[in-house]
Each structure stands twice: as structure tokens, then as C-alpha cells.
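Student: Take this structure first; my questions come after.
The values are calculated or read from the model by the stated rules, or taken from the named source; none is laboratory data. The shown structure was predicted, so the numbers you read here are calculated from the model rather than taken from an experiment. Heads up, the Cβs are rebuilt from the backbone with ideal geometry, glycines too, and the neighbour counts pull from every protein chain shown. Only protein heavy atoms, including side chains, enter the accessible area calculation; ligands, DNA and RNA are left aside. Shrake-Rupley method; radii C 1.70, N 1.55, O 1.52, S 1.80 Å.
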Amino acid sequence: MRNYVQPGDGVTIPAPGPIKSGDVVTIGALIGVAATDAGAGDDVSLALRGVFDLPKAGAEILSLGAEVEVSGGEVTALDAGPKIGVVVVDAAADDPTARVRIG
């Protein structure tokens, strides 16, 4: 295949702003987790698949199998935004993170 580029588990993009390793980065429908810190415009690698512990919105309870989106850098139940992934371990109200399979 002459048009094959890469497996697609990750991509390198110009950072849309300052980013810390582990941040969820959303650009339109492209959603990934930053592998490194980056300044605005610097190249940053995003993981597009995998299981990550991501910051969870407030006292929200997220159950195993729940579809989630990101709002303000935090995982929340899927509502109107693009789906980032699925919760793989129940997250209680007092849990600061949710374990999410992205991709």
C-alpha cells in the first residue's frame, strides 16, 4: 500500500496551547492524551488509543461501560460533546479520576 502512513494509535500535531503530559487534548473531533509537555505550536504526540486515568468532573458517578466526553479538561458523562471513550472501572463521587478506554 503506497498510501499507508502509520498504525494510527497516535499522532503528532502542533499543540493548540500549553499542554502538560497526560492532558486530554481536543481539536474538533480529534481527541487524545498528550504524551509530553508542550508549548503552544510545539509538536506534541497524542495517544489516540489506550486506557488512562483521567480527571473526573466534580462529584459525578461514572459506571463501568458509561460513554464519556471531556468538558473543561475533565471527564463527564456523554451529553452533547464528542465521545472520548468508555469507563472501564466504576468511578465513585469522591474519586478524582475515571479510568477510561479511549479510541
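Student: Yes or no: residue 78 within 18 Å of residue 26 (Cα to Cα), open to solvent by 60 Å² or more (accessible area, probe 1.4 Å) and out of contact with any helix residue (DSSP H, G or I) (no Cβ under 6 Å at 6 or more places or on another chain)?
Tutor: For residue 78, the condition - within 18 Å of residue 26 (Cα to Cα), open to solvent by 60 Å² or more (accessible area, probe 1.4 Å) and out of contact with any helix residue (DSSP H, G or I) (no Cβ under 6 Å at 6 or more places or on another chain) - is met.
Student: Another question, if that's okay. Quick check on the range 46-60: of everything there that is in a loop (DSSP other than H, G, I, E, B) and not charged (D, E, K, R), which residue is farthest from residue 77 (Cα to Cα)?
Tutor: Here is the first cut: in the range 46-60, the ones in a loop (DSSP other than H, G, I, E, B) are 48-49, 57-60.
So of that shortlist, the ones also not charged (D, E, K, R) come out as 48, 57-59.
Working: 48: 19, 57: 9, 58: 12, 59: 12 Å.
Out of the qualifying residues, it is 48.
Student: Something else about it: Enumerate the pairs (first residue in the range 4-30 and in a strand (DSSP E or B); second residue anywhere and among the hydroxyl-bearing types (Ser, Thr, Tyr)) with beta-carbon separation below 8 Å, excluding pairs fewer than 6 apart on the same chain, so at least 6 apart or on different chains.
Tutor: 10/45; 11/45; 12/45
Student: Within the range 31-45, how many residues turn out to be exposed (fewer than 12 other Cβ atoms within 10 Å of the Cβ) and part of a strand (DSSP E or B)?
Tutor: Summing the residues that are exposed (fewer than 12 other Cβ atoms within 10 Å of the Cβ) and part of a strand (DSSP E or B) in the range 31-45 gives 1.
Student: Another one. How many residues are of a type outside the set (Lys, Arg), open to solvent by less than 30 Å² (accessible area, probe 1.4 Å) and under 19 Å from residue 23 (Cα atoms) if we restrict to the range 52-75?
Tutor: The number of residues fulfilling the criteria is 5.
Student: Let me spell it out: the conditions are (1) over 9 Å from the mean Cα position of the chain (by Cα); (2) surrounded by 13 or more Cβ atoms within 10 Å (Cβ to Cβ); (3) not aromatic (Phe, Trp, Tyr), and residue 24 meets all of them except one. Which number is the exception?
Tutor: (1)
Student: Step by step: first the residues of the range 62-86, then only those that are assigned to a strand (DSSP E or B) and among the hydroxyl-bearing types (Ser, Thr, Tyr), then the one that is modelled with the lowest pLDDT. Which residue is that? Quick ask: steps written out before the conclusion?
Tutor: To start, the set of residues in the range 62-86 that are assigned to a strand (DSSP E or B) comprises 62, 67-71, 74-77, 85-86.
With the extra rule that they be among the hydroxyl-bearing types (Ser, Thr, Tyr), the set shrinks to 71, 76.
Numbers: 71: 87, 76: 94.
The residue in question is 71.
Student: Quick test for you: out of 8, 85, pick the one residue that is surrounded by fewer than 12 Cβ atoms within 10 Å (Cβ to Cβ) and either at positive phi or touching a Lys or Arg at 6+ places or on another chain (Cβ under 7 Å) (or both). Can you show your working first?
Tutor: On the way: 85 fails: surrounded by fewer than 12 Cβ atoms within 10 Å (Cβ to Cβ).
Criteria check complete, one pass: 8.
Student: Kindly indicate whether residue 77 is out of contact with any Pro (no Cβ under 7 Å at 6 or more places or on another chain) and either aliphatic (A, V, I, L, M) or under 30 Å from residue 6 (Cα atoms) (or both).
Tutor: yes
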